[in-house]
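Below is one structure, written out as structure tokens, with a few remarks after it.
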Amino acid sequence: MSAARFSAARAVFAGSLAQNKARSLLSVVAIALGVALGYAVQIITQSAVNELALGVQALSGDADLQVRGPRGGFDESLYPVLARLPEVAAASPVVEVDAKLADRNEVLKIVGLDAFRAVAVEPGLIAETADRLDLLRPDTLFASPAAAQALGVDAGSVVRFQIALRDVPLRIGGIARAEAHQRFAVMDIAAAQANFDRLGLISRVDLRLRPGVDIAAFRDGLQVRLPAGLAVERPRDSLAAAAGVSRSYRVNMNVLSLVALFTGGLLVFSTQVLSVVRRRAHFALLRVLGVKRRTLVRLLVVEGALLGIAGSVVGLPAGFLMAEAAIRIIGPDLGSGYFRGVAPTLAPVPAALILSFALGVAVATLGSLVPALEAARASPAPALRAGDEERAFTRLRRLWPGLATLGAAAFAAFLPPVSGLPLFGYLAIALLLLGTLMLMPGLAVALLGMLPTPRSAAPQLALSQLRGAPGQVAVSLAAIVASLSLMVSMAIMVTSFRDALDAWLDGILPADAYVRASAAGDSGYMTPDDQARIAALDGIVRVEFLREQQLLLDPARPRVALLARTIDAADPARRLPLVSPSIAPAAGGAPPMWVNEAMVDVYGFAPGKLVEIPLGGKSARFEVAGVWRDYARTQGAVVIERERYIALTGDRAATGAALWLSPATSREQLERTIARDVPGGARLEIASPGEIREVSLHIFDRTFAITYALELAAVVIGLCGLSSSFGALVLARRREFGVLRHIGMTRRQIGAMLATEGLLLSGIGLVAGLGLGFVISLILIHVVNRQSFHWGMGLTIPWTALAASALVVLALATITALASGRRAMSADVVQAVKDDW
């Protein structure tokens, strides 16, 4: 390209940026907001996972392998067997307890070590102390720096823990060496067993193998010799299992954060399309002067990429600040509860930084590609004449690409998950969005054609204008339709989930009051004596005790919950919200087990199947007698009869109880009676079904708080896109307004025409957004949530919230149209039409 032609092209593009400052700035802000949200979610979750990894590394030391089993521990007699294996250079037994703090509803991980063995495997956990005997004292522990800071303690302080229903004070002997920002404390293994009622039990054995031993082969050989319910694995494998609990949540958060970025990309697309249409004659002139098509495409794509670069540069530091604010206000778990006890130090994550920057630039670049190609394809001669703008949208009015995309979306929605993630579900939603946007011109024609022609001149002109420019209508609505549909879908999904949770709580809380030894940790429980005293209290008609444990069925997955409770095998629906027919146990056959939906999806525990689970160090066979709905344990849960559990394990302890009270007994009277007549009863948590429901729904709302914020961000971007697009269209029609003024229309009539156009535009957007949002909500409920968290739910539509949102969108669109019209009509009438003279 010659210097003259290059100068002309540069002048055209520089002039465009000068004339479109507001819309370009809005596009940059939209991209920046999307990049900031995505980067904030990435660094928060990645920092939390990194801290978990550092914690696992610190707690496992130089171990090559770990033998672990149920959360409650396994027989310590296995340790000397492992230590004497010829391939093992050093073995270190470990007791781990999530101990409940007596004075607060929090837990502290207690790690019990044999200092003489741990020095060869986990030397980093051996604390430096002036008195080496402190490492062996039964009442002394050493807190990690993060734990000491969180508890506000130092050497010499006393921390009180709840063990069963009694308090156990332990002295802080010093600060343990730990680089990880995890909260834990280290003490002598015998002291941990004695203080936390784990005599004869250990949680894991860390093994360091001799040089030259094939770790994988040794692991496989050892696995077949271990008792039921135990697994041998590398330390990093346990991290993968722990991180797997939060994986679906983290992936969903990352996808949701991309919604704002996707909406920002659509805003860039609509801005660039309308800008290209407005400069159609300029580009035709450049083509006449000899500028090649590929050069024109390159310049327009670079223009969009510059918007993406600017937005990414602004968004990355904003995202880091957002992340810091979110951790302070919500916490590192973003309300989910997955990363409690982790205090991550935020630092720029290079991979997340590069990815977020690249996505911001890529989205803006792709948003500019379609209008760039259309500008290059335009024939110069027709494009030099006024009135050729709608020709630019001819390709957008084809139906077959949109229909094909919708067909692909329907196909993807029925595909299975990939590695436990609903990747095809996300793909179905993306294709559904794109397909609907491709069909928007045809949808606009159909909807506008159904409207009767008004008698008044201004509304009649407004309807005629929109009918004659369906391509411009579709482009103007792209961002708002996408954001509105995603908002509607999330609103329907969240409302459906909340109502399903509320109904589920009603079904599983039939008693008058519920008692539990501890809401957190595994050191609180009720002994058989405690249970007998509670059952004998005045005012209690009936009591059913519950024991909850955690079993390791697959070392690659998190532990599953075992609930041993009183249940009538002939009528389990009285206690469980079954979602499958109940199978009556056969006489002399395997005893019944009821599983939640996650066990069916993950482990294949289908009704009627015979399965084995580890109990008391042995395999116990059960028949799956039914499937029940469970919104509390996404990793999986099974229910068996408590009497059978006691017979198999000898464990008579209980972690909770359901109480039926006499009519004359109130909850307050029950609380006073338990505190008075049961030793340590004041430490029991007592709640009515209403209180449990209120707390559960509060946790639900907290979990979805970040979801609401991300939804709002996308909707704001969409509304800004509608405002920007409509403003661009109105400014491009100044000559039309000038002609209308010349033939006698007043400013008021033109304002009414524009208000009608804004109302019709927003109406089309609402129809498309509501319909599309409803379909997406079905995918979210029945595909994404089912494959991510393994629970089902019914459909509930929040009519009031959707109606309020529709009214807000209609009002904002009308106000935008009037404001844009006022600006366009401020120019001199003669000046507006001079190009046509």
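The values are calculated or read from the model by the stated rules, or taken from the named source; none is laboratory data. Since this is a predicted model, take the numbers as computed values, not measurements. Cβ placement follows ideal geometry from the backbone for every residue including glycine, while neighbour counts extend to all protein chains displayed. Side chains included, ligands, DNA and RNA excluded: accessible areas come from the protein's heavy atoms. Shrake-Rupley method; radii C 1.70, N 1.55, O 1.52, S 1.80 Å.
Give all pairs with beta carbons closer than 8 Å in which a residue from the stretch 455-476 that is without any contact (Cβ under 8 Å) to a residue 24 or more places away in the chain meets a residue that is of a type in the set (F, W, Y); count only pairs at least 6 apart in sequence or on separate chains.
none
Say we look at the stretch 117-138 and pick out the residues that are free of Cβ contacts under 8 Å to residues at least 40 places away in the same chain and of a type in the set (K, R); which of these is farthest from V88 (Cα to Cα)?
Applying the filter and picking the extreme gives R132.
Please name all residue pairs, on different chains or six or more residues apart, with Cβ atoms under 6 Å, provided the first residue is in the stretch 787-814 and is within 14 Å of G763 (Cβ to Cβ) and the second residue is among the hydroxyl-bearing types (S, T, Y) and buried (at least 19 other Cβ atoms within 10 Å of the Cβ).
Short answer, once both residue conditions are applied: V809/S762; L810/S762; A813/S762.
What about R236, is it surrounded by fewer than 17 Cβ atoms within 10 Å (Cβ to Cβ) and modelled with pLDDT under 90?
Spelling it out, R236 is indeed surrounded by fewer than 17 Cβ atoms within 10 Å (Cβ to Cβ) and modelled with pLDDT under 90.
When the residues of the stretch 109-148 are narrowed to those that are touching a Lys or Arg at 6+ places or on another chain (Cβ under 6 Å) and of a type outside the set (S, T, N, Q), which ends up modelled with the lowest pLDDT?
G124
Does the stretch 104-126 contain at least one residue that is closer than 25 Å to P227 by Cα, assigned to a helix (DSSP H, G or I) and aliphatic (A, V, I, L, M)?
yes
Which one of R236, R219, R198 is in a loop (DSSP other than H, G, I, E, B) and closer than 25 Å to P614 by Cα?
R198
Just to be sure, is L661 in contact (Cβ under 8 Å) with a residue 24 or more places away in the chain and under 18 Å from R559 (Cβ atoms)?
For L661, the condition - in contact (Cβ under 8 Å) with a residue 24 or more places away in the chain and under 18 Å from R559 (Cβ atoms) - is not met.
Within the stretch 361-370, is there a residue that is under 24 Å from the mean Cα position of the chain (by Cα) and either at pLDDT below 85 or surrounded by 19 or more Cβ atoms within 10 Å (Cβ to Cβ) (or both)?
So far as the stretch 361-370 goes, yes, one or more of its residues are under 24 Å from the mean Cα position of the chain (by Cα) and either at pLDDT below 85 or surrounded by 19 or more Cβ atoms within 10 Å (Cβ to Cβ) (or both).
Just give me the residues in the stretch 611-639 being under 24 Å from the mean Cα position of the chain (by Cα), open to solvent by 30 Å² or more (accessible area, probe 1.4 Å) and at pLDDT 90 or above, in sequence order.
R629
State which residue pairs qualify: first residue more than 15 Å from V611 (Cβ to Cβ) and inside the stretch 633-646, second residue in a strand (DSSP E or B) and charged (D, E, K, R) in any location, beta carbons under 9 Å apart, and separation of 6 or more residues or different chains.
Between residues of the stretch 633-646 that are more than 15 Å from V611 (Cβ to Cβ) and residues that are in a strand (DSSP E or B) and charged (D, E, K, R), the close pairs are E641/R565; R642/E544; R642/R547; R642/R565; Y645/R547; Y645/R565; I646/R547.
So A260 clears everything in (1) outside any helix (DSSP H, G or I); (2) at pLDDT below 70 except one condition, right? Which one?
(1)
Quick check on T703: is it modelled with pLDDT of 90 or more and not basic (K, R)?
no
Looking at G604, G588, G608, can you tell me which residue is on the phi > 0 side of the Ramachandran plot and open to solvent by 60 Å² or more (accessible area, probe 1.4 Å)?
Exactly one of G604, G588, G608 is on the phi > 0 side of the Ramachandran plot and open to solvent by 60 Å² or more (accessible area, probe 1.4 Å), namely G588.
Tell me which residues, restricted to the stretch 133-162, are crowded, with 20+ Cβ neighbours inside 10 Å and in a strand (DSSP E or B).
Those that are crowded, with 20+ Cβ neighbours inside 10 Å and in a strand (DSSP E or B): T140, L141, F142, A143, V159, F161, Q162.
When you scan the stretch 771-778, do you find a residue that is at pLDDT 85 or above, farther than 30 Å from R557 by Cβ and open to solvent by 40 Å² or more (accessible area, probe 1.4 Å), even just one?
Yes, the stretch 771-778 has at least one match.
With the structure loaded, tell me whether A58 is at pLDDT below 90, within 30 Å of I215 (Cα to Cα), in contact with a Leu (Cβ under 6 Å, 6 or more places away or on another chain) and surrounded by fewer than 22 Cβ atoms within 10 Å (Cβ to Cβ) or whether it fails that test.
No, not satisfied.
On the basis of being open to solvent by 50 Å² or more (accessible area, probe 1.4 Å) and at pLDDT below 70, does V245 make the cut?
Yes.
For W594, which of the numbered conditions (1) surrounded by fewer than 19 Cβ atoms within 10 Å (Cβ to Cβ); (2) in contact with a Ser or Thr (Cβ under 9 Å, 6 or more places away or on another chain) fails to hold?
Unmet for W594, out of (1) surrounded by fewer than 19 Cβ atoms within 10 Å (Cβ to Cβ); (2) in contact with a Ser or Thr (Cβ under 9 Å, 6 or more places away or on another chain): (1).
Tell me whether the stretch 84-98 contains one or more residues that are open to solvent by 10 Å² or more (accessible area, probe 1.4 Å), in contact with a helix residue (DSSP H, G or I) (Cβ under 6 Å, 6 or more places away or on another chain) and in a loop (DSSP other than H, G, I, E, B).
The answer is yes, given that some residue of the stretch 84-98 is open to solvent by 10 Å² or more (accessible area, probe 1.4 Å), in contact with a helix residue (DSSP H, G or I) (Cβ under 6 Å, 6 or more places away or on another chain) and in a loop (DSSP other than H, G, I, E, B).
Could you tell me how many of the residues in the stretch 99-118 are crowded, with 18+ Cβ neighbours inside 10 Å and acidic (D, E)?
1
Of the residues that make up the stretch 548-568, is at least one over 23 Å from V515 (Cα atoms), of a type in the set (A, V, I, L, M, F, W, C) and either without any contact (Cβ under 8 Å) to a residue 24 or more places away in the chain or open to solvent by 20 Å² or more (accessible area, probe 1.4 Å) (or both)?
Yes, the stretch 548-568 contains at least one residue that is over 23 Å from V515 (Cα atoms), of a type in the set (A, V, I, L, M, F, W, C) and either without any contact (Cβ under 8 Å) to a residue 24 or more places away in the chain or open to solvent by 20 Å² or more (accessible area, probe 1.4 Å) (or both).
Out of the residues in the stretch 197-233 that are among the charged types (D, E, K, R) and closer than 14 Å to P555 by Cα, state the one that is surrounded by the fewest Cβ atoms within 10 Å (Cβ to Cβ).
It comes out as D220.
From the list L466, L437, L448, L431, pick out the single residue that is surrounded by 23 or more Cβ atoms within 10 Å (Cβ to Cβ) and over 30 Å from M599 (Cβ atoms).
The match here is L437.
Under 6 Å by Cβ, and 6 or more places apart or on different chains, what pairs join a residue from the stretch 139-164 that is on the phi > 0 side of the Ramachandran plot with one that is crowded, with 20+ Cβ neighbours inside 10 Å?
Listed pairs, sorted by first residue: A164/Y525.
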